[in-house]
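Reading through the structure tokens given below for one structure.
The values are calculated or read from the model by the stated rules, or taken from the named source; none is laboratory data. Because the structure is predicted, anything quoted here is derived from the model rather than measured. Quick reminder, even Gly has a Cβ in these numbers, built from the backbone with ideal geometry, and neighbours come from all protein chains shown. Ligands, DNA and RNA are stripped out before the accessible areas are found, and what is left, the full protein with its side chains, is counted by its heavy atoms. Shrake-Rupley method; radii C 1.70, N 1.55, O 1.52, S 1.80 Å.
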Amino acid sequence: MMRIKALPDVPRWAVLAAHAVPLVTLPSGLWRLALVAGLPVMEDAGWKTMGVGVSLYVVSLSVVSELLAFLTLGLVRPWGEVFPRWMPFLGGRRVNPAAATGAALAGVAGLCAIVAWGVYASYAELGPATPSTPAQDAVLVVCYTPLLAWPVLLAAVAVAYHRRRRDGGKGPAGGGTRQYGAGRPSASSWV
């Protein structure tokens, strides 16, 4: 059985949800990269002759969205409790649970706004008309539909993180407190 590394008191469902977030963002990023590469994901001639600036923007959008998705793992891994030592000014310090939860929930709100705008724009037929074949439409839907799970998964993991950190690290039996940020973490705890 495959073992996924996480903190010992994180529920298994939260670990799986956190690891699913980068996977649900991957298909849309690959679709955008295929678009930039000139693969036939759309028939519109304007996309085939993309300028360098637009190409960089589309590639950057894919990279940034994947990096933001990977931040969800911090809610279940040790670096979500203590900043890694290599970070300037923050390395080795405890992560403020309210700030981490607030940032995650702000991300959820932003993702919900993007989804709402995307749904509205598609029904209102805003933006350029991009003729495509039924196969190209199907590939687009298959690649972008998993993104609908991103805000839901992030919200669930953020709430689990908040509940776990709010309790001060107490175990399920209400025993003694566990201080993940106390002292300096060993080098192997970041792997």
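By how many nm would the segment from residue 54 to residue 166 grow when fully extended, if each residue of separation counts as 0.36 nm and the alpha-carbon distance is taken off?
This chain segment gains 35.9 nm when fully extended.
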Query raised in the report: So for the pair residue 115, residue 144, with labels modelled 7 Å out along Cα→Cβ, what separation do we get in nm?
Result: 1.5 nm
Report task. Give the accessible area for residue 114 in Å² (nearest 10); use a 1.4 Å probe, count only protein heavy atoms, and leave out ligands, DNA and RNA. Result -> 120 Å²
Requested in this report: Let me know the shape class of the range 17-109, please: from the alpha-carbon gyration tensor, a ≥ b ≥ c as square roots of the eigenvalues, rounded when a/c is under 1.5, otherwise prolate if a/b is greater than b/c, or oblate.
Outcome: prolate
Report task. Name the residue farthest towards the positive end of the dipole of the range 60-158 from the options 143, 107, 76, assuming +1 on Cβ of Lys and Arg, -1 on Cβ of Asp and Glu, about the Cα centre. Result -> 76
Requested in this report: Can you tell me which of 95-107, 74-86 comes out highest on packing, and rank the rest after it, using the mean Cβ neighbours within 10 Å?
Outcome: 74-86, 95-107
